[in-house]
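The values are calculated or read from the model by the stated rules, or taken from the named source; none is laboratory data. Here the structure is a predicted model, which means the values were calculated and not measured. All Cβ positions, glycine included, derive from the backbone under ideal geometry; neighbour counts span all protein chains shown.
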Amino acid sequence: MKLRHEMLAKVNRIVIKLGTGLLTDAQNHLSARQIEGLVAQIATLHELKKQIIIVSSGAIGAGMAELGLKQRPKRLDELQAAAAIGQSKLMAVYDELFGKFGITVGQVLLTHDDLKDRARHLNAHNTLATILAHGAVPIINENDTVAVEEIKFGDNDRLGALAATLIDADLLIILSHVEGLLEGEGRVVPAVPEITHEIEALAGDTDRATSVGGMKSKIDAAKIVTRAGIPLVIANGERADVLRDVLAGEEVGTIFLPHADKLASRKRWIAFFQHPAGVLVVDDGAKQALCANGKSLLAKGIVSSEGKFEEGDLVSIRDKNQVEFARGLTKVSGIQMKSATGVVIHRDDMVIL
Ligand code: GLU
């Protein structure tokens, strides 16, 4: 496909997300044989001077195998213990396999909190950029051992999307055991120009004991990166030379095409890295002014406000049907909203989704 070829020919910085199912065998043990094949492919890209960032799952799966657990634990402390045990196994395998190619790896464990605060966000960006500048490959995972619900990313598809957004990657590749987004009769959808309701309806959850996510979380990841201006390819990591073929623009898996306007770093942070502290519902005139005319949000366009938020907090902007269409940093707290006049969210502090 010409479009794919053009889009992928020049990519340099690539985030590759590897799912648990790819890294572990039928007994959930880390499979050096399977991982070796992926590492060899990544080493080839590294040789071509591509900058690679890996987002790797597999810690909880490997920890489960180590502890002899067949079912994914329900208790948080059990999950966290499995993650701690599995993560060190995982890194040992990567370290050894990349070492055979003379490539150094660096472990980066993140929680959502680390990227929410702007200063910590920039620090994480700089650390990753410095690892890359040293010619090493950062291997990111969620810091599952300390992350509790409030500070969790949720799943690694989302973490992959946020990592790509954080480091301003040219491409995100999600590899798992599925061929791509499937439509009727198991045909792979080759390209998704826009994530419509029909596209979302094609996605299901995972059926594996060690994995989370499934296609639904991959579509959520697609929404993030494509809005940020980064393409996403979902492909089967078991396929020989999958990375080479994806980058050659061959019709492998499903490509989600990015929005034309790429968001700058601060706007990406506003759009994706915080949970909104409240909601502002606006009238149709205000929606039009924000979406079509590039205006700031004025108090007079606000119909109602929900939630306890302070000045400077991120809020979700919704239309009268409660559909979120923008996010921004409010100049006015929830308590003061009723008596507010003038600009409530400045254009520079807002992102249309
Ligand atoms: N962080 C989890 C792990 O390493 C994986 C989460 C996911 O795959 O979405 O086991």
Quick one: is residue 320 touching a residue at least 12 places away in the same chain (Cβ under 8 Å), crowded, with 19+ Cβ neighbours inside 10 Å, touching a helix residue (DSSP H, G or I) at 6+ places or on another chain (Cβ under 9 Å) and more than 23 Å from residue 265 (Cα to Cα)? no
Against the definition (modelled with pLDDT of 95 or more and under 19 Å from the mean Cα position of the chain (by Cα)), how does residue 226 come out, yes or no? yes
Is one or more of the residues making up the range 53-68 of a type outside the set (Val, Ile, Thr) and away from the ligand (no atom under 16 Å from the Cβ)? yes
Does residue 113 fit the bill of being in contact with a helix residue (DSSP H, G or I) (Cβ under 8 Å, 6 or more places away or on another chain), away from the ligand (no atom under 12 Å from the Cβ) and more than 21 Å from residue 44 (Cα to Cα)? yes
Tally the residues that are in a loop (DSSP other than H, G, I, E, B), on the phi < 0 side of the Ramachandran plot and not acidic (Asp, Glu), restricting the search to the range 218-261. 11
Run down 92, 119 and say which single residue is closer than 18 Å to residue 32 by Cα and surrounded by fewer than 17 Cβ atoms within 10 Å (Cβ to Cβ). 92
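When the residues of the range 258-274 are filtered to those that are of a type in the set (A, V, I, L, M, F, W, C) and surrounded by fewer than 17 Cβ atoms within 10 Å (Cβ to Cβ), which remaining residue is nearest to residue 158 (Cα to Cα)?
Here is the first cut: in the range 258-274, the ones of a type in the set (A, V, I, L, M, F, W, C) are 260, 263-264, 269-273.
So of that shortlist, the ones also surrounded by fewer than 17 Cβ atoms within 10 Å (Cβ to Cβ) come out as 260, 264.
Details: 260: 21, 264: 19 Å.
Here the residue is 264.
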Checking residue 296 against (1) within 24 Å of residue 17 (Cβ to Cβ); (2) of a type in the set (S, T, N, Q); (3) in contact with a strand residue (DSSP E or B) (Cβ under 9 Å, 6 or more places away or on another chain), which single condition isn't satisfied? (1)
List, please: which pairs have Cβ atoms under 9 Å, are six or more places apart or on different chains, and start with a residue in the range 96-119 that is at positive phi and end with one that is assigned to a helix (DSSP H, G or I)? 102/43
Selection status of residue 39, in contact (Cβ under 8 Å) with a residue 24 or more places away in the chain, within 23 Å of residue 239 (Cα to Cα) and either within 16 Å of the ligand (Cβ to nearest atom) or surrounded by fewer than 14 Cβ atoms within 10 Å (Cβ to Cβ) (or both): no
Being among the charged types (D, E, K, R), on the phi > 0 side of the Ramachandran plot and touching a residue at least 24 places away in the same chain (Cβ under 8 Å): is that true of residue 168 here? yes
Reported set for the range 1-19 where residues are part of a helix (DSSP H, G or I), closer than 21 Å to residue 225 by Cβ and not small (Gly, Ala, Ser) is 3, 4, 5, 6, 7, 8
